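Enquirer: Please read through the structure below; I'll follow up with questions.
The values are calculated or read from the model by the stated rules, or taken from the named source; none is laboratory data. Note that this is a predicted model, so its numbers are computed, not measured. Positions of Cβ are backbone-derived with ideal geometry, glycine not excepted, and every protein chain shown enters the neighbour counts. When the accessible area is computed, the model is the full protein with side chains, heavy atoms only, and any ligands, DNA or RNA have been set aside. Shrake-Rupley method; radii C 1.70, N 1.55, O 1.52, S 1.80 Å.
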Amino acid sequence: MNYNFKEIEAKWQKYWAEQGTFRAENNADKPKYYVLDMFPYPSGAGLHVGHPLGYIASDIYARYKRHKGFNVLHPQGYDSFGLPAEQYAIQTGQHPAITTENNIKTYRRQLDQIGFSFDWSREVRTSSADYYKWTQWIFIQLFDSWYDNQQDKARPIADLVEHFSNHGNSTVDASCSENTPQFSAQDWCGFSEQQQQEILLHYRLTYLAETEVNWCPELGTVLANDEIVDGVSERGGHPVIRKKMTQWSMRISAYAERLLSGLETIDWTDALKESQRNWIGKSVGASVRFRVKNHDAEIEVFTTRPDTIFGVSFMTLAPEHELVSQLTTEQQKADIESYIQATSKRSERERMADVKTISGVFTGAFAEHPFTKAPIPIWIGDYVLAGYGTGAVMAVPCGDQRDYDFAKHFKIPIPTIFSGVDISEGAFTDKAKTKIANSEFLNDLDFKSATERAIEALEAINQGEGKINYRLRDAVFSRQRYWGEPFPVYYVDGMPKMIEIQHLPITLPEVEAYLPTETGEPPLGRAEVWAWDTQHNEVVHNSKINHETVFPLELNTMPGWAGSSWYFNRYMDPQNTREFAGQDALNYWQQVDLYIGGSEHATGHLLYARFWQKFLFDRGYVPVDEFAKKLINQGMILGTSAFVARIEGTNTFASLDQILDQNVQFIHADVSLVNASDELDVDAFKLWRNEFATAQFILSDDGTFKVKREVEKMSKSKYNVVNPDAICENYGADALRLYEMFLGPLEQYKPWNTAGITGVSSFLKKLWKLYIGDSGLKVTDAAATKDNLKTLHKTIKKVTEDIEQFSFNTSVSNFMIAVNEFTAQRCTSREVLRPLLVLISPYAPHVAEELWSLMGHNTSISTTQFPEFDPKHLIESSKTYPISFNGKMRFKLELSLDLSKEEIEQTVLAHEKTIAQLQGKVPKKVIVVPGKIVNIVG
RNA sequence: GCUGAAGUGGUGGAAUUGGUAGACACGUUGGACUUAAAAUCCAAUGGCCAUUAUGGCCGUGCGGGUUCAAGUCCCGCCUUCAGUACCA
């Protein structure tokens, strides 16, 4: 009997599916464990070998936990709304739902062939109406909530309305929009319904506001900050401009502090936590208001150094600052205007690239120092960003390098306010060594007490207070796309109204094309049946809008991150039609125990999902306020691209050592045309693409054509994609799984190299041969030898440790060692071969199931208890452990593996006498087992 | 600049967290089997030197230090990758 992986893998995949082997129960006596992968966007290109890396790791862990007696929830689904399907629809007219459905089929087939233990009965798709019904529901809950800073949680908007009608808004400490007016209870009751609704929008956790957004004309849509890389769109690399639009926003800024402090409670990597911290960008300082001389205006600034307030020698406003035009004097007007013109023409990108050039213009106006009343010249400069803080700074040249450079450049005085510091070369920024001078009541104080005193003094004259500033902005939630969740929103006289929950979902309407309309409206503007009838509570034809009870529906759709911000909760109870998930299910599964996915989602999905979870927690819908206890970022598997050198301006290609000093361009060649020795199959290359059909080649002396290799991200456009289908076909799913783990540590970025797979492939054959001979099963009831048991328990110990530390790569090595040792021992004993199979089954489940069944078991190996390590089998043959003795002498003690350091010390102490007697003989190694010395190697 | 991670053979990577560096695998070389190839099996494989054999010296990015003992800990550098940035 030979190892026929194709037959075996198909057989067991079918068995698992039919038996529902991996179905999780929502209530079980067993402890629960929830292992989750970041669900994929089903792209048209299908999976490459890089995609399953994290899934294989999580699958191993999920299978391990099942062996360990846990009720494991290990689901999978699709983040199936997204731009590529829509782009494809624009080009071909095919409905994105069809494209998506086809892509999902491909994904499912590819995932199935790898043998994952997903509970597919819980599959979710963000684009299915059964699912996005609840995304819409959450949106409505956000609309129906405000953030109470006092209680530090979200509360129903009804509470706020009640407070307004009794006390107005002056006593409410809530997160709200900047331009919220003050009003009394009386005012409130006098407001029209329309006015009240307008005010409430300033408080709701999702609100409609005119915001400056990142508009991508090419894609015809708004992008979030994390969808922009280097000033161009992440997808497609199109230019992005700033534009004012009325958009839905999410008041994530209300959660800034909790998103920050919550990081302390979860087991995520430091790198990831750090990027979330940076993104939230908390800075502690003060807000200071400077009066402007001869104007009825104040300039508010944020500073982290209120202690340096007496060092202010000028102020700088961002060119876009709203006060600029008011303040500028007649004399300076021309200069200021031409400067603003010049900066607005420069793109963000240019502005970033050109950091070193100092530029700015004096407005002619002066502010007044809050304490000394001295005049402070007001400048504008593009080093101050409109989007951060208040878009204005108080410049303290002696304490900030940029202010210093600006002052030097424009010959503005640089007063010294630190004692014992030389500032002739640059600013002094070391807070820890700060000693304030020349600063009236702050003199001789250090950073901390000067800061406190300055804030107190500012508060006393009502010109400032302590303030914490966050970089985190509210998230724009509207996208001008077709293929996304429709909002459950219609408009009456321009005011948004929510559709009642019992009438959800509002499903995507049909449109005849997926482009924006001629008038620039989103694609939903093309839908003819897209109006809300409040009488019949249904979506009706637009032509009925002139009726009294029919109103226009929202034309935008939700962004990609909407559906992915709560899907982990839906898996707990995916078929529930009455709730997003039942309370029993939520209380049982609580949260994700292990989440595996890429670190590229650090400031997108992983932040938004935490935000929504905290919101749902506040409103009492989920039992915990962090959705994932532990998170592991799997590294990427990179492709090894191949490049051929084309001599510039010709169709002639030179082998790598034949380039000499000719000018060449390196062009990607498909990796399948190149062998392991970096030699190109020239004939296949000619056939590959038409343009190369007539190519000429300058070969190396040995007649081969050498290519240049480079490791890059695996991508279709780089022709370096390796398809898992081919690997499964040639080596099997078990080999693919083992090899992906064997490549290196999970978190690491590592290049794929198909050649190396022969190692794990021959391991599987050896494993098979250990159990199965020419005449069938070799396993017997013969007693295990001491060596057998030693090998087994050594392997149990290491593999258990490996899995618990997520170092799956070393486990594979340990299996190889074990199989080699058992083979050398001619082991046939069921007593050790049975547990060995259980150890291996999370990694190579198909072959394990087959051998398991050939050994006579008639239930799946996945329900078997994981073998326990028993140290007694390692005691007799043990490991050396060098120790120092009397500070100088060195002995090597050979001890059993399971001893702690303390036990070793005790052992040594117990034999101090014996060892002392040996000193003269200088033994190299003393072999000890607990209780007695058994051997001395001299 | 700041933050995070990492530098070990020809290659991917191990190293019980201070204890024989290079496990395991790829690759390479030699051998067996074969008409041949594939597959399989055996042996060698960090560098240098030496030998009949036993052996010796050097080696974990660089320079110091602590220790009986350092890839691992401490101090000072260099390099690479990733994230982020006129953030006041």
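Enquirer: Within the stretch A:422-452, which residues are of a type in the set (A, V, I, L, M) and open to solvent by 40 Å² or more (accessible area, probe 1.4 Å)? Steps first, answer last, please.
Expert: So the first thing to find is which residues in the stretch A:422-452 are of a type in the set (A, V, I, L, M), and the list is A:423, A:427, A:432, A:436-437, A:442, A:445, A:450.
A:Ala432, A:Leu445, listed by residue number.
Enquirer: Still on this structure: Looking only at helices (runs of 4 or more DSSP H) that fall completely inside the stretch A:683-771, which ones have 1 or more residues that are within 10 Å of RNA strand B (Cβ to nearest atom) and more than 15 Å from A:His51 (Cα to Cα)? Explain how you work it out, then say what you get.
Expert: On the way: elements: A:724-730, A:733-742, A:757-771.
Qualifying helices (runs of 4 or more DSSP H): A:733-742, A:757-771.
Enquirer: Could you count how many residues in the stretch A:296-308 are under 40 Å from the mean Cα position of the chain (by Cα), among the hydrophobic types (A, V, I, L, M, F, W, C) and open to solvent by less than 20 Å² (accessible area, probe 1.4 Å)?
Expert: Within the stretch A:296-308, the subset under 40 Å from the mean Cα position of the chain (by Cα) is A:299-308.
If we keep only those that are among the hydrophobic types (A, V, I, L, M, F, W, C) as well, we get A:299, A:301-302.
Then drop every residue that is not open to solvent by less than 20 Å² (accessible area, probe 1.4 Å), which leaves A:299, A:301.
Number satisfying all stated conditions: 2.
Enquirer: So A:Lys408 passes all but one of these: (1) under 11 Å from A:Ala427 (Cβ atoms); (2) open to solvent by less than 10 Å² (accessible area, probe 1.4 Å); (3) not in a loop (DSSP other than H, G, I, E, B). Which condition number does it fail?
Expert: Among (1) under 11 Å from A:Ala427 (Cβ atoms); (2) open to solvent by less than 10 Å² (accessible area, probe 1.4 Å); (3) not in a loop (DSSP other than H, G, I, E, B), the lone unmet condition for A:Lys408 is (2).
Enquirer: Also: Just a yes or no: is a residue in the stretch A:259-273 charged (D, E, K, R), closer than 25 Å to A:Ala174 by Cβ and open to solvent by 10 Å² or more (accessible area, probe 1.4 Å)? Walk me through how you get there before you give the answer.
Expert: Let us first name the residues in the stretch A:259-273 that are charged (D, E, K, R), namely A:264, A:267, A:270, A:273.
From the residues that got through so far, the ones that are closer than 25 Å to A:Ala174 by Cβ too are none.
No: the stretch A:259-273 contains no residue that is charged (D, E, K, R), closer than 25 Å to A:Ala174 by Cβ and open to solvent by 10 Å² or more (accessible area, probe 1.4 Å).
Enquirer: Before we move on, is A:Gln583 out of contact with any Cys (no Cβ under 7 Å at 6 or more places or on another chain) and more than 16 Å from A:Asp267 (Cα to Cα)?
Expert: On the way: out of contact with any Cys (no Cβ under 7 Å at 6 or more places or on another chain): yes; more than 16 Å from A:Asp267 (Cα to Cα): yes.
The answer is yes for A:Gln583.
Enquirer: Scan the stretch A:145-176 for residues that are open to solvent by less than 20 Å² (accessible area, probe 1.4 Å) and part of a strand (DSSP E or B) and jot them down.
Expert: Correct list: A:Ser145, A:Trp146, A:Tyr147, A:Asp148, A:Ala154, A:Ala174.
Enquirer: If we only count strands (runs of 3 or more DSSP E) wholly inside the stretch A:460-555, which ones have 2 or more residues that are away from RNA strand B (no atom under 16 Å from the Cβ) and surrounded by 15 or more Cβ atoms within 10 Å (Cβ to Cβ)? Show your work before the answer.
Expert: Values: elements: A:464-469, A:489-492, A:495-498, A:531-533, A:538-540, A:550-552.
Per the criteria, A:489-492, A:495-498, A:531-533, A:538-540, A:550-552.
Residues are listed down the side, and each one gets a yes or a no for (1) in contact with a Ser or Thr (Cβ under 8 Å, 6 or more places away or on another chain); (2) touching a residue at least 40 places away in the same chain (Cβ under 8 Å); (3) over 30 Å from A:Glu210 (Cβ atoms):
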site: A:His409; (1), (2), (3): no, yes, yes
site: A:Asp430; (1), (2), (3): no, no, yes
site: A:Lys433; (1), (2), (3): no, no, yes
site: A:Asp446; (1), (2), (3): yes, no, yes
site: A:Leu458; (1), (2), (3): no, yes, yes
site: A:Phe477; (1), (2), (3): yes, yes, no
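Enquirer: Scan A:Lys293, A:Lys356 and give me the residue that is open to solvent by 60 Å² or more (accessible area, probe 1.4 Å), within 14 Å of RNA strand B (Cβ to nearest atom), of a type outside the set (Val, Ile, Thr) and modelled with pLDDT under 90.
Expert: Working: A:Lys293 fails: within 14 Å of RNA strand B (Cβ to nearest atom).
When all the criteria are applied, what remains is A:Lys356.
Yes or no, residue by residue, for (1) within 30 Å of A:Leu515 (Cα to Cα); (2) touching a Lys or Arg at 6+ places or on another chain (Cβ under 9 Å):
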| residue | (1), (2) |
| --- | --- |
| A:Tyr33 | no, yes |
| A:Ser43 | yes, no |
| A:Lys68 | no, no |
| A:Asp79 | yes, yes |
| A:Ala85 | yes, no |
| A:Ile104 | yes, yes |
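Enquirer: Quick check on the stretch A:663-676: of everything there that is in a loop (DSSP other than H, G, I, E, B) and open to solvent by 70 Å² or more (accessible area, probe 1.4 Å), which residue is nearest to A:Glu712 (Cα to Cα)? Let's see the steps before the verdict.
Expert: First pass over the stretch A:663-676, keeping only residues in a loop (DSSP other than H, G, I, E, B): A:663, A:670, A:675-676.
If we keep only those that are open to solvent by 70 Å² or more (accessible area, probe 1.4 Å) too, we end up with A:663, A:676.
Values: A:Asn663: 23, A:Ala676: 17 Å.
Once the filter is applied, the top-ranked residue is A:Ala676.
Enquirer: Follow-up. Could you check the stretch A:300-327 and list, in sequence order, the residues that are in a helix (DSSP H, G or I), in contact (Cβ under 8 Å) with a residue 60 or more places away in the chain and more than 10 Å from RNA strand B (Cβ to nearest atom)?
Expert: Step one: list which residues in the stretch A:300-327 are in a helix (DSSP H, G or I), which gives A:306-311, A:324-327.
Filter once more, so that each one left must be in contact (Cβ under 8 Å) with a residue 60 or more places away in the chain: A:306-311.
Within the stretch A:300-327, A:Asp307, A:Ile309, A:Phe310, A:Gly311 qualify.
Enquirer: If only one of A:Val711, A:Val721 is in contact with a strand residue (DSSP E or B) (Cβ under 9 Å, 6 or more places away or on another chain), open to solvent by less than 70 Å² (accessible area, probe 1.4 Å) and not hydroxyl-bearing (Ser, Thr, Tyr), which one is it?
Expert: Numbers: A:Val711 fails: open to solvent by less than 70 Å² (accessible area, probe 1.4 Å).
A:Val721 is the lone residue from the list that is in contact with a strand residue (DSSP E or B) (Cβ under 9 Å, 6 or more places away or on another chain), open to solvent by less than 70 Å² (accessible area, probe 1.4 Å) and not hydroxyl-bearing (Ser, Thr, Tyr).
Enquirer: Would you call A:Ala62 of a type in the set (A, V, I, L, M), in a loop (DSSP other than H, G, I, E, B) and under 25 Å from A:Ile632 (Cβ atoms)? Spell out the reasoning first.
Expert: Numbers: of a type in the set (A, V, I, L, M): yes; in a loop (DSSP other than H, G, I, E, B): no; under 25 Å from A:Ile632 (Cβ atoms): yes.
Taking the combined requirement at face value, the residue does not satisfy it.
Enquirer: So A:Tyr470 fits all but one of (1) of a type in the set (Ser, Thr, Tyr); (2) free of Cβ contacts under 8 Å to residues at least 60 places away in the same chain; (3) over 28 Å from A:Ser80 (Cβ atoms); what number is the exception?
Expert: (2)
Enquirer: Restricting to the stretch A:788-827, count the residues that are away from RNA strand B (no atom under 11 Å from the Cβ), open to solvent by 40 Å² or more (accessible area, probe 1.4 Å) and within 11 Å of A:Leu770 (Cβ to Cβ).
Expert: 2
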